[in-house]
Amino acid sequence: MQVQNANVEINVVGRHVEVSDAMREYAFKKVESLHLDYPKIIEARVILNVEAHHNRHIAEIILFCANHITIEAHSETHDMYASIDETIGKIARRMRKRKTRLLKKHRPRKGEVSKLPEAVFAVDALDKDEDKSGAEAELEPVIVHKENYRIRPLFNDEAMVDMELSERDFLVFKNAESGRLSILFRRKDGDYGLIEPEV
């Protein structure tokens, strides 16, 4: 067991808030208290954000671990210390869940991951300027966020474990078994769906 996270680089930054020494020390101690069996934590980033007009205190923690594993979680309360506690709790629960899966040596059975049927839409269906009521659309959607995304070769069960460790709704990866680009996403019923585009 990883008894102590030795030499972990912990960075605490604030957005719209000045991080006090007490708040920084509290975040440090909480992250250092995470003793994971696996994976080993290499670096931790704690992002504290305050939206004063809504009285929202948001704590986001990102753990960069061995074997290119990233664990991230965030929480929002009316108190920053409570947000930090809640985020640490989320990470601990995810890691316990992951450990249970590893101990059971879970492998998905054939057909366990649901696949979406392919569909082809007419070009003019994408160019509708009116909604169902006949009113013109007021605003066109725009791209407001862009980020680099590294596509890794993974087996289906590894992709599901990665999804459980993050709060993302989808994961794009190269299927290590078939060699095809795949998209894993969360379903409302708690299971996962898998999209494998045809080349």
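Read-outs throughout are calculated quantities, based only on the coordinates presented, and are distinct from any laboratory measurement. In this text, all values refer to a predicted model and were calculated from it rather than measured experimentally. So basically every Cβ, Gly included, is an ideal-geometry build from the backbone, and we count neighbours across all protein chains shown.
Structural remarks
- Exposure proxy ranking for TYR192, TYR81, based on other Cβ atoms within 10 angstrom of each Cβ and starting from the fewest, stands as TYR81, TYR192.
- From least to most packed, judged by other beta carbons within 10 angstrom and beginning with the fewest, ARG94, ARG168, ARG150 follow the order ARG150, ARG168, ARG94.
- Computed from the C-beta positions of ILE183 and ARG24 and an R0 of 35 Å, the FRET efficiency is 0.35 to the nearest 0.05.
- Counting every other Cβ atom within 10 Å of each residue's Cβ, ARG180, ARG98, ARG187 order from fewest to most as ARG187, ARG180, ARG98.
- ILE195 paired with ARG15, simple spin-label distance in nm, labels 7 Å along Cα-to-beta-carbon: 2.6 nm
- For a label point 7 Å along the Cα-to-beta-carbon line of GLU51, residues of the range 64-93 with backbone N under 16 Å: 74-80, 83
- Relative counts (whole %) of C-alpha pair distances in the range 9-103, using bins that are 10 Å wide: 16, 50, 26, 7, 0
- Under-5 Å amide H pairs with ARG152, H placed in peptide plane, nonlocal only: LYS174
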